[in-house]
Amino acid sequence: MSQTSPIDYFSLRHPLRRAASLVSYSARKKMFAHFVRAIDPSPKDRVVDVGVTPDRSLPESNFFEHLYPYKAQLTATSIEDATFLESTFPGLTFVQTVGTTLPFADNEFDIVVCFAVLEHVGNRDAQRAFVRELLRIGRKLYLTTPNRGFPVELHTFLPFLHWLPQALHQRVLRRLGFAFWAETANLNLLSRKELERFFPAEANVSITGHKLLGLTSNLIAIRP
């Protein structure tokens, strides 16, 4: 199903949100530079960004659309309505996703990018199916997701609790008033090994990471 109302994946009301956004935007600009080096996009490459947001209040929201120079080759998609991107970035095409299958043909795109979405698609089976869809619709892939091994969980800003077994972590979150993040459908973090298992050997995907304060805050999957 498509989403008719915005989903607060950013904890917009959290008192640390604004400070965290400055760090997040800096990190995402570095990831964009890394994307350019790793994927080497050309002006003719057809690119799809899977998981854009209707949020317009934070600097990191839809940062890829701001930074990517070839707007006429760019398609953005989401379960949420972000149609405004077409007028904000002339030449861009927005497609709203309905259901669990991405509405694109096999290898329709040269490049698929997906930033901080995989942790929000559900349980491990749903995540595995989502990754299969990303691999299906394009030749190259650049995907990021938060690293469960990082000591601070960057949605709740709570340290270490996410290292607990998931059921216990979710129970603690509910007691602390974070019921939204206690649902697997809204937050399901991955370790590097868990992310690696989603990619068959023939996909030729490598896993690297983005570091914050010397520790890997985000995992990056690349199929160049």
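The values are calculated or read from the model by the stated rules, or taken from the named source; none is laboratory data. Bear in mind that the values here come from a model prediction, so they are computed numbers and not experimental data. Note: ideal-geometry Cβ built from the backbone for every residue, glycine included; neighbour counts use all protein chains shown. To get the accessible areas, we keep the full protein, side chains included, count just its heavy atoms, and leave off ligands, DNA and RNA. Shrake-Rupley method; radii C 1.70, N 1.55, O 1.52, S 1.80 Å.
Structure values in brief
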{"read-out": "Residues being among the small types (Gly, Ala, Ser) and within 17 Å of the chain's Cα centre (by Cα) - total across segment 33-89", "value": "6"}
{"read-out": "Selection from segment 64-74 of residues that are open to solvent by 10 Å² or more (accessible area, probe 1.4 Å) and hydrophobic (A, V, I, L, M, F, W, C)", "value": "LEU67, ALA72"}
{"read-out": "Matching entry among THR184, THR101 (being open to solvent by 20 Å² or more (accessible area, probe 1.4 Å) and in contact with an Asp or Glu (Cβ under 7 Å, 6 or more places away or on another chain))", "value": "THR101"}
{"read-out": "Wholly enclosed strands (runs of 3 or more DSSP E) of segment 73-174 bearing at least 3 residues closer than 24 Å to ASN204 by Cα and not acidic (Asp, Glu)", "value": "109-115, 138-146"}
{"read-out": "Members of segment 140-181 found to be over 18 Å from the mean Cα position of the chain (by Cα), within 28 Å of MET31 (Cα to Cα) and open to solvent by less than 20 Å² (accessible area, probe 1.4 Å), listed by number", "value": "HIS162"}
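Residue-by-condition table, conditions (1) in contact with a strand residue (DSSP E or B) (Cβ under 6 Å, 6 or more places away or on another chain); (2) among the basic types (Lys, Arg):
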residue	(1), (2)
ARG124	no, yes
ALA129	no, no
VAL152	yes, no
ALA201	no, no
LEU213	no, no
THR216	yes, no
